[in-house]
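Computed from the coordinates by the stated procedures, all read-outs in this text should not be read as laboratory data. The model shown is predicted, which means the values in this text are computed figures rather than measured ones. As a convention, Cβ positions derive from the backbone with ideal geometry for all residues, glycine included, and neighbour counts pool all protein chains shown.
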């Protein structure tokens, strides 16, 4: 009986020291309430800014790249004072720096590293954003799980097409 207790003790110690990345579940009313801007917008371009660092919200230093995308607003669902239909906004987001991760951790995968978005020009998205500065926005759900703030609206959806 004592042996099994000794074997479990170190395992519990290791588990208790782990720091999981816990995402929150957001429903649409909550996203609407928290967001400064909610819009349907088309991505005009997405540019790697050259910024490289560890993820600011991850429990360990997942390497990320800073990106900036320009969106032209087609429909406003919740207006921010400086935006309107036809205006353009800048969207700041992070992407995993996979090449750097592979160099620094050969053969290792990433667990609890969050989620990422990769917006593409000429694609339309439903955006739930918070203002970061004049004309610059970021995901209302934060940079660890931005995919809960950015939804691709795909015209090729199979729903309703028979």
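Worth pointing out:
- Selection from region 34-80 of residues that are under 29 Å from residue 110 (Cα atoms), in contact with a helix residue (DSSP H, G or I) (Cβ under 8 Å, 6 or more places away or on another chain) and surrounded by 18 or more Cβ atoms within 10 Å (Cβ to Cβ): 62, 63
- A single entry from 137, 93, 125, 151 fulfils the requirement of being in contact (Cβ under 8 Å) with a residue 12 or more places away in the chain, in contact with a helix residue (DSSP H, G or I) (Cβ under 7 Å, 6 or more places away or on another chain), surrounded by 14 or more Cβ atoms within 10 Å (Cβ to Cβ) and within 20 Å of residue 37 (Cα to Cα): 93.
Let's see how each residue does on (1) touching a residue at least 60 places away in the same chain (Cβ under 8 Å); (2) surrounded by fewer than 13 Cβ atoms within 10 Å (Cβ to Cβ); (3) under 21 Å from residue 45 (Cα atoms):
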| site | (1), (2), (3) |
| --- | --- |
| 82 | no, yes, yes |
| 101 | no, no, no |
| 129 | yes, no, yes |
| 133 | no, yes, yes |
| 147 | no, no, yes |
